[in-house]
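To start, I am sharing the structure in question, which I have written as structure tokens.
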Amino acid sequence: TGDLLDARLRKGAAHTAAGALDFILPLLDRVEEKLCQVAAARIDAGFPEENLLGALEERCTPYLARVRNNAVLDRMAEPLLKRPPGRSPAEPRTWFHEMTYRAASWSRERRVVLVVLERPDELFIHHFWIITNWTVEQMDGEALLEHYRERGSAENHMGELMDVFD
């Protein structure tokens, strides 16, 4: 829905994922007790670390998150960052590549989706990665991207809140 369900003010020097596990798991419990049977977690790029992903998987919570690019992911993406033959499109194009990836700090491989974006009149194509525990049968790359983009309304609420704090 994009609604802000909870917030916690932390010190400015705190790492993005610091305290995430202690915040998200009780929030999911409250949401599943009062609002729905199964909640899903949509998290941003600073959060996909082993403790949180493992805890979400252990409690069978579906999740998706953006993953920050790194040298390994860049090497995996590089052969796939080619424009299709023909003229540049008049409308943006998006395509997806399914893979598995295991960060050095993770206990196992996980599903990642490379999202490649081609915009008219731009010289370079853009790309980023999404990690999820949904299977491709449950949610393909296009559906994952659509679901991930829905986070914008919650971020707008957070922006408004930060303006008030300012």
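Output needed for segment 1-70: three equivalent-ellipsoid semi-axes, defined as square roots of 5 times the C-alpha gyration tensor eigenvalues, in descending order, whole Å.
20, 15, 12
I would also like to ask the following. Give or take rounding to whole Å, what are the principal axis extents of the alpha carbon atoms in the chain, in descending order?
Principal-axis extents of the Cα atoms in the chain, largest first: 52, 39, 33 Å.
What does the extension gain come out to for residue 23 and residue 7, with contour length at 0.36 nm per residue minus their alpha carbon separation?
4.9 nm
Given Cα pairs under 8 Å that are at least 6 residues apart, what percent is the relative contact order of the chain?
22 percent
What percentage of the solvent-accessible surface of segment 68-107, computed with a 1.4 Å probe over protein heavy atoms, is contributed by carbon and sulfur atoms?
With neighbouring chains kept in place, the figure for segment 68-107 is 55 percent.
Here is a further query. May I ask you to give the solvent-accessible area per residue for the chain, in square angstrom, as obtained with a 1.4 angstrom probe?
Heavy-atom SASA per residue in the chain reads 64 Å².
Chymotrypsin sites (Phe, Trp or Tyr not before Pro) within segment 69-139: which are DSSP loop residues with at most 15 other Cβ atoms inside 10 Å?
Here the chymotrypsin sites (Phe, Trp or Tyr not before Pro) that fit, given the DSSP loop and packing criteria, are 106, 124.
Please list 69-80, 136-147 highest first by mean number of surrounding beta-carbon atoms within 10 Å per residue.
Final packing ranking: 136-147, 69-80.
What's the center-to-center distance, using Cα atoms, between segment 22-98 and segment 117-166 in Å?
Distance between centres, Cα-based: 9 Å.
The values are calculated or read from the model by the stated rules, or taken from the named source; none is laboratory data. Source: prediction; values computed, not measured. We place every Cβ from the backbone using ideal geometry, glycine too, and count neighbours over all the protein chains shown. Accessible surface is based on the protein model in full, side chains and every heavy atom, while ligands, DNA and RNA are left aside. Shrake-Rupley method; radii C 1.70, N 1.55, O 1.52, S 1.80 Å.
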